[in-house]
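Everything on this sheet refers to the single structure shown next.
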Amino acid sequence: MGRPREFDDAAVVDAAMEVFWSKGYESTSTEDLCARTGLGRGSLYNAYGSKHGLYERALRRYAEVGFSAQAEILNGPGGVKQRLRALMVAVIDTDLGDPVKRGCLAVNAAVDAGGTDDVVAEQVLRQFSRFETAVFEVIARGQRDGEVAADVDPLVAARSFVSAYYGLRVLGKVVRDRRVLEDVVEGVVARL
C-alpha cells in the first residue's frame, strides 16, 4: 500500500492551472510548476505522471469551474436574451479586468495545442460542446416560451452564440475598447 498524499490535490491542480493559464503549456517549465504548487519534481511526477498529465487535469478543472459559472448565469433569472447578454458581458468584464490578458484557458489550449495534441483537442472540444448544449437548451426553451422567434434554428443560434462567445475571449486579449466588444454582444443577441 502506497503512502497517502501529503498535499491538497485540488489546490495543486488550481495552482498549476494558474501557471498554465498565464504562461501557456510550452512556456511552463517543471520548475515553474514546482515553485507554484510547492511540490518537488518527484512528487509532481508521482502524482500526475508528467507535465502533460497535470495540464490535462488543469484543463478539466478549468472546464468544471468555467461551466459552473456559465450555467449559473444561463439558468439564472431573467429572459433568455437577458441571460445570454449577461453571460457575454461577464466575459467582457473578466477580460477587461485582467491586467495579464490571459483570455480563456480552453481557447488558449485549442490554439496552442489543439491541432497537434489529440488529447487536448478532445478535452477542449468536450468543454465547447457541453457549453453549446447548455446554450441550445436555453434558446430552445426561449423559443417554446415565445421569447425567441419561431423561425430561428436553436442549434444554429447556439453555435453562432458559442462562436461569438469564444471570439470575445480572443478579442478580449487585445481589444481594450469596451464598446467594440459590446457591439459583438448586441449583434449576436439581436439575431434571436
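The values are calculated or read from the model by the stated rules, or taken from the named source; none is laboratory data. Quick caveat: nothing in here was measured; it's all calculated off a predicted structure. Quick reminder, even Gly has a Cβ in these numbers, built from the backbone with ideal geometry, and neighbours come from all protein chains shown. Please note that ligands, DNA and RNA were not included when accessible areas were found on the heavy atoms of the full protein model with its side chains. Shrake-Rupley method; radii C 1.70, N 1.55, O 1.52, S 1.80 Å.
Can you figure out the FRET efficiency of residue 67 with residue 45, using R₀ = 35 Å and their beta-carbon distance, to the nearest 0.05?
0.75
From Cα pairs below 8 angstrom and at least 6 apart in sequence, can you work out the relative contact order of the chain, rounded to a whole percent?
RCO, the chain: 22 percent.
Hey, what number do you get for the chain at 222 nm if only DSSP H runs of n ≥ 4 count, each worth -39500 (n - 2.57), divided across all residues, to the nearest 500?
My calculation for the chain gives -23500 deg cm²/dmol from helical runs alone.
Could you give the distance between the Cα centres of segment 123-192 and segment 1-75, to the whole Å?
Going from one Cα centre to the other spans 29 Å.
What does the C-alpha gyration tensor say about the overall shape of segment 115-176? Classify as rounded when a/c is under 1.5, otherwise prolate if a/b is larger than b/c, or oblate.
oblate
Under a no-solvent Debye model with one identical scatterer per Cα of segment 52-148, what's log10 I(q)/I(0) at q = 0.16, 0.21, 0.24 Å⁻¹?
-0.76, -1.09, -1.24
At 1.4 Å probe size, what's the solvent-accessible area of residue 62? Round to the nearest 10 Å².
We get 20 Å² for residue 62.
To the nearest 10 Å², what's residue 7's accessible area with a 1.4 Å probe?
For residue 7, solvent-accessible area is about 50 Å².
On average, how much area does the Cα convex hull of the chain cover when viewed from any direction, in nm²?
12.6 nm²
For the chain, return all DSSP H helices satisfying: extent of Cα atoms along own axis at least 20 Å; mean Kyte-Doolittle hydropathy at least -1.0.
Sorted by number, the helices that extend far enough and score high enough are 9-23, 51-74, 80-96, 118-144, 154-171.
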